[in-house]
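Visitor: My questions will all concern the structure given below.
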Amino acid sequence: MSLLSIRDLAIALPKGADRPYAAHDISFDLTPGEILCIVGESGSGKSMSANAVMGLLPQGVRPVGGTITFDGQDVLRLSEKQLLDLRGRRISMIFQEPLSALNPLMRVGAQIAEVFEAHGRLTPPERRARALTLLEEVGIPDPQAAIQAYPFQLSGGQRQRVMIAMALALEPDILIADEPTTALDVTTQAQILKLIEDLRQARGMAVIFITHDFGVVADIADRVIVMQTGEIVESGTADEVLLRPQHPYTRALIDAIPRLTGQEDTPAAQSDPVLSVEGLNKTFRTGSGSFFGKPRVVKAVQDVSFDLFPGETIGIVGESGSGKSTVGRCLARLVNPDSGRVIVEGADIAHLSGAELRARRRRLQMIFQDPFSSLNPRARVSRILTEGPIAYGAPRTEAMTRARELLGMVGLDASAMQRFPHEFSGGQRQRIGIARALALDPSIIIADEAVSALDVSIQAQVLDLLADLSTRLSLSMLFITHDLRVAARICDRIIVMQKGAIVETGPTAKVLHNPDTAYAQSLLDAIPGQEYERALAGAG
Amino acid sequence: MTKFILGRLVKAVFILLAILIFNFLLIHAAPGDPAAVMAGEAGAADEKFLADLRERFGLDQPLYVQLWTYLKGAVQFDLGFSYRQQLPVSQLIADRLPATLLLTGVAFVLSLVLGVIAGVAASARQGSWGDTAISTLALLFYATPLFWVALMASLVFSVWLEWLPGFGYATIGANYTGFAHAMDVAKHLVLPATTLGLFFMAIYMRMTRASMLEVSRLDFVKTARAKGLKRGVIQRRHILRNALLPVITLAGLQAGQIFGGAILTETVFAWPGIGRLMFEAINQRDYAVILGVFYISGAMVLLFNLITDVVYVIVDPRIRLTG
């Protein structure tokens with residue numbers, strides 16, 4: 001008997017959108033206790049389909065056809081009052097961003113208790129007691145303290161646990177999890193996935209799990225639906241879809257997953273390093289906000305030293321807060337290091353200033369994580385690409401010619417010159433970001449989570465582009481990432497950072513398969529989909 | 001929390017001192033000789049008389065001596081002597097301050113409460129005719145000059161309709177006491193307070209509306225909906241509380257402006273407050289009074305800012321607990 005049955009669901013987008021339907025011809029069933037994964041890239045309609053089940057579509061987006069049958073009634077025909085009764089009690093939901101998904105001004109306990117209040121259950125003291133048990137159940141350390149805490153006082157993983165506690169409060173039949181681990185570190189992700197799996201077993205709850213990550217799918221799914229531009233292109237049991245994909249799109253997605261098997265051929269470090277970092281330190285002191293209070297001190301980078309050789313790509317990996325991004329920012333002098341030397345082509349740029357710093361700095365360029373906020377929305381691509389060279393004295397016409405060449409190099413048409421950043425997709429914007437970095441003829445590229453915001457197929461293309469450019473232009477690259485799979489795909493060597501310090505350095509294959517430290521091993525163990533990868537390798 | 005308030009108080013004292021010095025120097029940089037004005041009024045403007053006047057009021061001393069004398073006095077709330085009104089400035093201000101505080105306080109609370117309510121109402125009906133009506137009305141209040149609104153309100157409600165008294169603080173010669181007196185004052189307060197508050201109400205309405213719409217798009221509102229909470233509860237508990245943060249900031253900043261607006265309103269409605277005192281003092285070049293009013297209004301603005309900071313700290317735990 002299916003718990004939820006969707007037939008021919010069509011969801012219309014408002015007029016003027018890039019396509020008429022967010023999703024159409026959606027049909028699937030969910031049985032009690034089952035984990036169904038909906039996989040797809042951004043814009044595939046996977047979230048919209050799930051939101052429709054709760055009657056929580058964004059403004060202007062509405063279902064125009066089909067049925068969603070839950071417990072014998074069609075959700076699409078329910079009144080608002082009936083929907084209110086359904087939400088949180090029979091079906092509940094958790095989201096991607098655990099910080100923004102909680103009200104910043106309300107204590108955690110009150111936010112959980114609200115679920116009972118919304119459905120008129122229990123007395124206030126009972127609600128509080130239940131909130132405490134729920135927090136215990138989802139494995140929050142020190143629930144007594146957490147219940148009194150405000151969301152900003154908890155870590156990302158803890159906030160997601162609070163969200164799960166809230167979603168489980170009334171023991172719903174279905175939990176909809178919309179990319180619940182995408183914003184989390186790999187170790188935290190592994191814990192949250194295990195928690196969802198455990199709760200499913202303990203309570204026989206069905207889960208609709210929306211994700212773009214095939215590794216996660218492989219670890220938890222019973223059945224899988226693959227969506228592309230609003231349509232279901234493939235569905236079946238996890239084994240069928242993952243190991244014997246029928247649709248070319250599914251195959252392409254699976255092929256695009258970066259494999260952990262790193263490159264074996266490490267170029268021997270013959271020549272002098274292009275970049276030498278010696279004893280780099282950076283400590284942040286934030287004001288306490290009050291007149292007399294003690295400042296908060298964070299040692300973001302502690303005694304970091306390494307060499308980067310010509311043509312080499314080094315991956316700096318670690319969890320959030322490990323200091324990996326601060327290292328990159330110190331090297332580009334976006335923040336000033338407290339001490340240590342950064343030697344680029346013979347000169348220590350850590351303590352240069354003024355004209356000398358400007359002259360040296362162009363050799364070291366950054367690519368940022370968010371392709372949406374890292375390009376000036378009011379500047380045409382032509383200005384974005386020529387601003388730097390013109391600032392360094394290049395004649396305007398020469399800079400324009402060079403900009404057109406660069407666009408070709410990153411796989412964009414020269415007509416892009418006259419357009420604004422918002423006219424491009426995320427992957428295209430990241431290509432513009434790469435062209436912008438290359439415009440100054442750098443010898444070193446620092447890529448800070450440069451592909452983390454991209455879909456897996458786009459990610460693969462951008463990684464290929466970066467690898468290709470680094471060979472063609474003999475660039476050296478520092479690749480800062482939290483994703484070990486991405487690091488495996490592109491890096492020659494890997495530096496593992498924890499709490500501001502380097503804990504392990506070595507060739508990619510060595511670090512990923514036979515690490516020396518327990519910390520590196522724990523990062524590796526937490527990567528989802530490893531068994532699946534071995535199965536794929538065996539089959540292939 | 002106590003530490004925080006203490007810290008702010010210490011800062012406020014320094015700022016107040018800076019205001020005193022700056023105002024003093026500014027007034028003295030302005031052209032015009034108070035002794036000449038006084039002598040002109042007295043009708044005897046010979047050099048001897050002018051010199052006597054200057055000596056009597058310390059105007060012949062070097063500037064820094066005058067400043068020092070002034071600062072010494074100001075610390076003890078001795079703000080000098082008004083030679084026009086023949087009364088100590090501190091007494092003049094003390095007589096007028098309650099009326100102004102009543103007017104600005106009522107106007108402030110009225111504009112904030114009504115502005116927020118109207119903003120919430122408009123945001124809840126975004127795009128409907130109700131939203132358009134509220135927004136248009138707010139734009140009208142915002143765009144109309146204060147003095148014109150004051151004159152028109154006085155003309156319509158007081159002269160034509162004779163509903164409300166058009167000027168003064170209380171009915172002259174009525175000698176009401178107790179509750180009757182309070183009602184009489186309240187009746188006199190309606191027109192000036194509404195007039196003064198309209199402009200600010202329009203600002204708070206626009207701000208509340210924009211802020212509510214922005215917050216209602218945030219993820220935690222979706223979480224609240226997914227819990228099955230009713231729309232009203234979500235509006236109040238989740239959206240409004242978060243949306244009020246920028247409104248509070250703005251209200252704190254605007255509190256000083258309400259004081260400025262009070263000068264006009266008090267003049268039109270003959271409200272016996274500090275604003276009118278100031279208006280008269282400027283016309284009469286009564287420097288001591290002008291400085292005194294500057295000093296007091298500076299202190300009021302600082303006080304409002306301090307209150308804003310405290311309210312902010314109470315409302316937003318992120319500031320309270322990391323502070």
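The values are calculated or read from the model by the stated rules, or taken from the named source; none is laboratory data. Note that the coordinates shown come from a computational prediction; the quantities given were computed from them, not determined experimentally. Using ideal geometry, Cβ is built from the backbone for each residue, glycine included, and neighbour counts are taken over all protein chains shown. Remember, those area values only see protein heavy atoms, side chains included, never the ligands or the DNA or RNA. Shrake-Rupley method; radii C 1.70, N 1.55, O 1.52, S 1.80 Å.
Visitor: Among the residues of region B:218-228, what is the count of those that are in a helix (DSSP H, G or I) and either within 35 Å of the chain's Cα centre (by Cα) or facing another protein chain (nearest Cβ under 7 Å) (or both)?
Guide: The number of residues fulfilling the criteria is 6.
Visitor: Let me ask another. Tell me, please, whether a residue that is within 32 Å of the chain's Cα centre (by Cα), over 27 Å from B:GLY275 (Cβ atoms) and part of a helix (DSSP H, G or I) can be found in region B:70-81.
Guide: yes
Visitor: Let me ask something else about it. Within region A:406-423, track down each residue that is under 23 Å from A:LEU475 (Cβ atoms), open to solvent by 10 Å² or more (accessible area, probe 1.4 Å) and in a loop (DSSP other than H, G, I, E, B).
Guide: Answer for region A:406-423, where residues must be under 23 Å from A:LEU475 (Cβ atoms), open to solvent by 10 Å² or more (accessible area, probe 1.4 Å) and in a loop (DSSP other than H, G, I, E, B): A:GLY411, A:LEU412.
Visitor: Kindly evaluate A:GLY45 against the criterion of being open to solvent by less than 20 Å² (accessible area, probe 1.4 Å), at positive phi and within 11 Å of chain B (Cβ to nearest Cβ).
Guide: Against the criterion (open to solvent by less than 20 Å² (accessible area, probe 1.4 Å), at positive phi and within 11 Å of chain B (Cβ to nearest Cβ)), A:GLY45 does not qualify.
Visitor: Moving on. Only residues that are among the small types (Gly, Ala, Ser), open to solvent by 10 Å² or more (accessible area, probe 1.4 Å) and either part of a loop (DSSP other than H, G, I, E, B) or within 14 Å of chain B (Cβ to nearest Cβ) (or both): list them for region A:48-101, please.
Guide: Those that are among the small types (Gly, Ala, Ser), open to solvent by 10 Å² or more (accessible area, probe 1.4 Å) and either part of a loop (DSSP other than H, G, I, E, B) or within 14 Å of chain B (Cβ to nearest Cβ) (or both): A:GLY55, A:GLY60, A:GLY72, A:SER79, A:SER100.
Visitor: Please state which one of A:ARG436, A:ARG485 is among the charged types (D, E, K, R), open to solvent by 20 Å² or more (accessible area, probe 1.4 Å) and more than 21 Å from the chain's Cα centre (by Cα).
Guide: A:ARG436
Visitor: Now a separate question. Which residue pairs have Cβ atoms closer than 6 Å, lie 6 or more positions apart in sequence or on different chains, and pair a first residue in region B:229-244 that is more than 10 Å from chain A (Cβ to nearest Cβ) with a second residue that is assigned to a helix (DSSP H, G or I)?
Guide: Going by the 6 Å Cβ cut-off, the qualifying pairs are B:ALA243/B:SER211; B:ALA243/B:MET212; B:ALA243/B:VAL215.
Visitor: Just to be sure, is A:ASP525 closer than 21 Å to A:ALA218 by Cβ and at pLDDT 85 or above?
Guide: yes
Visitor: Please enumerate the residues belonging to region A:354-376 that are assigned to a loop (DSSP other than H, G, I, E, B) and open to solvent by 80 Å² or more (accessible area, probe 1.4 Å).
Guide: Residues satisfying the conditions are A:GLN369, A:PHE372, A:SER373.
Visitor: Limited to region A:110-130, what total is found for residues that are small (Gly, Ala, Ser), within 13 Å of chain B (Cβ to nearest Cβ) and either farther than 24 Å from A:GLU80 by Cβ or surrounded by fewer than 18 Cβ atoms within 10 Å (Cβ to Cβ) (or both)?
Guide: Counting residues in region A:110-130 that are small (Gly, Ala, Ser), within 13 Å of chain B (Cβ to nearest Cβ) and either farther than 24 Å from A:GLU80 by Cβ or surrounded by fewer than 18 Cβ atoms within 10 Å (Cβ to Cβ) (or both) gives 2.
Visitor: Taking region A:133-161 on its own, how many of its residues are crowded, with 18+ Cβ neighbours inside 10 Å, among the hydrophobic types (A, V, I, L, M, F, W, C) and in a helix (DSSP H, G or I)?
Guide: Summing the residues that are crowded, with 18+ Cβ neighbours inside 10 Å, among the hydrophobic types (A, V, I, L, M, F, W, C) and in a helix (DSSP H, G or I) in region A:133-161 gives 4.
Visitor: Cβ contacts < 7 Å: first residue open to solvent by 30 Å² or more (accessible area, probe 1.4 Å), restricted to region B:278-293; second residue at pLDDT 85 or above and not basic (Lys, Arg), any location; separation 6+ or different chain. Result?
Guide: Within 7 Å, the pairs are B:ILE282/B:ILE290.
Visitor: What pairs come out if I take residues in region B:56-75 that are open to solvent by less than 50 Å² (accessible area, probe 1.4 Å) and pair them with residues that are β-branched (Val, Ile, Thr) whose C-beta lies under 7 Å away, six or more apart or interchain?
Guide: Listed pairs, sorted by first residue: B:GLY58/B:THR69; B:LEU67/B:ILE21.
Visitor: Any residue at all in region B:188-210 that is assigned to a helix (DSSP H, G or I), open to solvent by 10 Å² or more (accessible area, probe 1.4 Å), farther than 30 Å from B:THR171 by Cα and within 14 Å of chain A (Cβ to nearest Cβ)?
Guide: For region B:188-210, residues assigned to a helix (DSSP H, G or I), open to solvent by 10 Å² or more (accessible area, probe 1.4 Å), farther than 30 Å from B:THR171 by Cα and within 14 Å of chain A (Cβ to nearest Cβ): absent.
Visitor: Here is a check on your reading of the model: is B:ALA12 surrounded by 12 or more Cβ atoms within 10 Å (Cβ to Cβ) and away from chain A (no Cβ under 14 Å)?
Guide: Criteria not met by B:ALA12.
Visitor: Would you pick out the residues in region B:148-187 that are open to solvent by less than 40 Å² (accessible area, probe 1.4 Å), closer than 30 Å to B:ALA133 by Cβ and not hydrophobic (A, V, I, L, M, F, W, C)?
Guide: Once the filter is applied, which keeps residues that are open to solvent by less than 40 Å² (accessible area, probe 1.4 Å), closer than 30 Å to B:ALA133 by Cβ and not hydrophobic (A, V, I, L, M, F, W, C), region B:148-187 yields B:SER154, B:SER158, B:GLY166.
Visitor: Identify all residues within region B:263-283 that are of a type in the set (A, V, I, L, M) and assigned to a helix (DSSP H, G or I); write none if there are none.
Guide: B:ILE263, B:LEU264, B:VAL268, B:ILE274, B:LEU277, B:MET278, B:ALA281, B:ILE282
Visitor: Also, quick follow-up: Which one of the conditions (1) within 14 Å of chain A (Cβ to nearest Cβ); (2) modelled with pLDDT of 85 or more does B:ILE319 fail to meet, given that it meets all the rest?
Guide: For B:ILE319, the failing item is (2).
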